[in-house]
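Just below is one structure, and these are the notes that go with it.
The values are calculated or read from the model by the stated rules, or taken from the named source; none is laboratory data. A quick note: this is a predicted structure, and the numbers were derived from the prediction, not measured. Neighbour counts are summed over all protein chains in view; Cβ atoms, including those assigned to glycine, are modelled from backbone coordinates with ideal geometry.
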There are 2 protein chains.
Amino acid sequence: MTADIPITAYKMNCAFCSARPLGLCGALGDGEGFRELRDARRGARLLDSGAPIYRQGDRHGDLYNLVSGWVCLHQDLEDGRRQILRFILPGELFGQEPAGMTSMSHASQALTNISLCVIPAERVTDLRARYPGFSDRFVWMLERDNHLTMDHLTSLGQRSALERVAHLMLELAVRSSRRYPLAPGDRFKMPLTQPLIADATGLTPIHVNRMLRRLREDHILDLRNGALTVLDPGRLEAMVGPSEDLVRLWTRYAIVEGLDHDEHY
Amino acid sequence: MTADIPITAYKMNCAFCSARPLGLCGALGDGEGFRELRDARRGARLLDSGAPIYRQGDRHGDLYNLVSGWVCLHQDLEDGRRQILRFILPGELFGQEPAGMTSMSHASQALTNISLCVIPAERVTDLRARYPGFSDRFVWMLERDNHLTMDHLTSLGQRSALERVAHLMLELAVRSSRRYPLAPGDRFKMPLTQPLIADATGLTPIHVNRMLRRLREDHILDLRNGALTVLDPGRLEAMVGPSEDLVRLWTRYAIVEGLDHDEHY
DNA sequence: CGAAGTCTTGACAAGACTCAAACTGGGTGG
DNA sequence: CCACCCAGTTTGAGTCTTGTCAAGACTTCG
């Protein structure tokens, strides 16, 4: 179920630990700050698909960096309805809450087998205070989260069921591959079930099924057996209409000063 | 239409300029940092109801602090549909975007006559780098925004039309008055039209009208002539089910170290 | 007084949800 | 190797919520 793994087992896309200079820690260089961050890690965790990472109402304390696998953040209502707020992909940070909150406002769950890097929130706060570049990247990540969440808000509030599903598929294809534009026939591994898509789009699983069928019959995309095939990128993008800036946020982990294009990733 | 006003005309609830120790600048104390912030202001602006503050696609550059009046942030689709992302109340900050964005992803509009405090974004970045307490509050505000947006996302995705309208009304009553809990008969000035509520909840104006009528007939609340009367706070809260933490975010501008309760506001 | 914007209502249409059932594929245990 | 089970997917029929269209009433303001 849950296992601790040695630090050496980390993959290379932890924003805290590696992926320099792209991740959070890139701002710390190779010096003292980076060593501090590395030493602050509470440890790594391996979790099985389906396992909760934290629950709604848990006391707040740690930040998480997803090293491998997929995670979703979701908010549950008392009567069982739940909204998936965001899908977390490798290299992304999650688990932060405004200071002063007594408990987590949302839960998180592994969608695949995952590996995580765990850092106490107060250590991050401390590093932020002492390393401005580190703080800047942290702020950038918050602003990015905000931006993506607002985009979802517009999608749920204004788009039709078909558009919402298309929007989510395009976003996840681009975010998971960091590639744009897409070509006809591109395939992406996507560990999503239709009930998950339903919780993310505010639809019922049955209706998601119908929308996916329609997208397939219209030769726009085909989601099956955990893989998405983009059949007609042009029409897909036309349905979604992502801005240039939005695509940039989809293809990046963090702002990197001086680097302005995706080619570096 | 637009007018510049002398610095002396500021009211006391600008997070940059005053409202100390509660606003952003509170962390700067009375010393050098505070003077720097005050001097960094690009100036103040008065705008008439309905005026745009910035448009979607405008170049990014300034941060805004609302001194008086109401503002909404909204994101528009090409075909005219629009989603209201957030209502901004006096004392709140808006206009930030992730570094690297070329243009604003959303627009903002004055819902009443307003007064604004304008600060160049790069000056804020600079102050963040040099004053950690200032940076903490800035981060806190971002996290708060994020939290509120996620709450709206859950509302749009999971709640019925009636619940969404009730949710918005409760939130705005509490946020605008900074008072909780509510008592039967409490009245709140609220410069909202039904089309605005529709854009915020993802419904049509006509359906908003139906929902408001039902809430009125059920003696839960009454929104009329720009004022909301809460008739039955108990049932209203039961419909919305806000957590303790959420209410705390509704009643506060900023984290203030050492102060833990609303009584200070 | 007229005009514009907002609110209200009714009748109808459409999109999305509910319920029920059959089908698929992968894993488990006999 | 097969039977079974399970979660996920697919489909159909019927219902209900919400949206659309149209028109009238009420405010506010010039």
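Yes/no matrix, rows are residues, columns are (1) within 12 Å of the chain's Cα centre (by Cα); (2) outside the structural domain of B:GLU244 (by TED's automatic domain parsing):
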{"residue": "B:ASP62", "(1), (2)": "no, yes"}
{"residue": "B:GLN83", "(1), (2)": "no, yes"}
{"residue": "B:PHE87", "(1), (2)": "yes, yes"}
{"residue": "B:GLY95", "(1), (2)": "yes, yes"}
{"residue": "B:ASN113", "(1), (2)": "no, yes"}
{"residue": "B:PHE138", "(1), (2)": "no, yes"}
{"residue": "B:VAL165", "(1), (2)": "no, no"}
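Residues in region A:40-84 that are within 12 Å of another protein chain (Cβ to nearest Cβ), on the phi > 0 side of the Ramachandran plot and crowded, with 19+ Cβ neighbours inside 10 Å: none. Looking across region B:169-196, the residues that are within 16 Å of DNA strand D (Cβ to nearest atom), in a loop (DSSP other than H, G, I, E, B) and under 15 Å from the mean Cα position of the chain (by Cα) come down to B:MET190, B:PRO191, B:LEU192.
Residues in region B:222-247 that are touching a helix residue (DSSP H, G or I) at 6+ places or on another chain (Cβ under 8 Å), within 14 Å of another protein chain (Cβ to nearest Cβ) and either outside any helix (DSSP H, G or I) or within 15 Å of DNA strand C (Cβ to nearest atom) (or both): B:PRO242 alone.
The rows are residues; the columns are (1) aliphatic (A, V, I, L, M); (2) in contact with a Phe, Trp or Tyr (Cβ under 9 Å, 6 or more places away or on another chain).
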| site | (1), (2) |
| --- | --- |
| B:THR112 | no, yes |
| B:ARG130 | no, no |
| B:GLY157 | no, no |
| B:ALA183 | yes, no |
| B:LEU192 | yes, yes |
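The condition of being over 15 Å from the mean Cα position of the chain (by Cα) and within 16 Å of DNA strand D (Cβ to nearest atom) holds for only one of A:SER155, A:SER103, that being A:SER155.
When A:ALA110 is tested against (1) small (Gly, Ala, Ser); (2) crowded, with 20+ Cβ neighbours inside 10 Å; (3) without any contact (Cβ under 8 Å) to a residue 60 or more places away in the chain, exactly one condition is not met: (3). Looking across A:LEU127, A:LEU156, A:LEU170, A:LEU93, one residue alone is under 26 Å from B:LEU156 (Cβ atoms), crowded, with 21+ Cβ neighbours inside 10 Å, touching a Gly at 6+ places or on another chain (Cβ under 7 Å) and of a type in the set (A, V, I, L, M). It is A:LEU156.
Scanning region B:200-218 for residues that are away from DNA strand D (no atom under 13 Å from the Cβ) and in a helix (DSSP H, G or I) turns up B:ARG216, B:GLU217. Filtering region B:154-168 to residues that are small (Gly, Ala, Ser) and in a loop (DSSP other than H, G, I, E, B) leaves only B:SER160.
Criterion applied to B:ASP39, B:ASP48, B:ASP76, B:ASP58 was being over 30 Å from A:ARG159 (Cβ atoms), modelled with pLDDT of 85 or more and acidic (Asp, Glu), and the one residue passing it is B:ASP48. Report every pair of residues separated by at least 6 positions or lying on different chains whose Cβ atoms are under 7 Å apart, first residue within region B:154-165 and under 22 Å from A:LEU168 (Cβ atoms) and in contact (Cβ under 8 Å) with a residue 12 or more places away in the chain, second in a helix (DSSP H, G or I) and more than 10 Å from DNA strand D (Cβ to nearest atom). Cβ pairs passing all conditions: B:SER155/B:HIS167; B:LEU156/A:LEU153; B:LEU156/A:LEU156; B:ARG164/B:SER155; B:ARG164/B:LEU156. One residue alone among A:LEU203, A:LEU259, A:LEU212 is aliphatic (A, V, I, L, M) and at pLDDT below 95, and that residue is A:LEU259.
If the condition is being more than 9 Å from DNA strand C (Cβ to nearest atom), surrounded by fewer than 16 Cβ atoms within 10 Å (Cβ to Cβ) and more than 13 Å from every other protein chain (Cβ to nearest Cβ), then region B:195-216 contributes only B:ARG214.
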